[in-house]
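Notes follow once the structure below has been shown.
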Amino acid sequence: MARSLRTPEHLALMQVLIEVRKEAGLTQQELAERLKRPQSFVAKVETGERRLDVVEMIELARAIGCSPANLIERVERAVPRDGLT
């Protein structure tokens, strides 16, 4: 399996995470507080410097107030069709 950093799929994930957080009216700091993590954690996830595992993605979605399934569906819709490997 190829690495996923900076692929169209990874870029779509980062964009959706930012959009969902902003739609919830949360700053990076507010989300970080809900996650009991430093603000830099959220910033690194959103800029692609740090990847999320599945458990972290579920935790992040719930902290935003979004269902994990909805978050994944949004990422899937955002992934360019020609970008699928």
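The values are calculated or read from the model by the stated rules, or taken from the named source; none is laboratory data. None of these values were measured; they are calculated from a predicted model. We place every Cβ from the backbone using ideal geometry, glycine too, and count neighbours over all the protein chains shown.
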Helices (runs of 4 or more DSSP H) contained entirely in segment 1-58, each with at least 2 residues that are farther than 15 Å from N70 by Cα and touching a Leu at 6+ places or on another chain (Cβ under 7 Å): 39-47
Yes/no for R62 being over 15 Å from S4 (Cα atoms), assigned to a helix (DSSP H, G or I), in contact (Cβ under 8 Å) with a residue 12 or more places away in the chain and basic (K, R): no
Members of segment 39-67 that are at pLDDT 95 or above, surrounded by 13 or more Cβ atoms within 10 Å (Cβ to Cβ), more than 10 Å from the chain's Cα centre (by Cα) and not hydrophobic (A, V, I, L, M, F, W, C): Q39, K44, E59, R62, G65
L17 vs. criteria in contact with an Asp or Glu (Cβ under 8 Å, 6 or more places away or on another chain) and either buried (at least 18 other Cβ atoms within 10 Å of the Cβ) or basic (K, R) (or both): yes
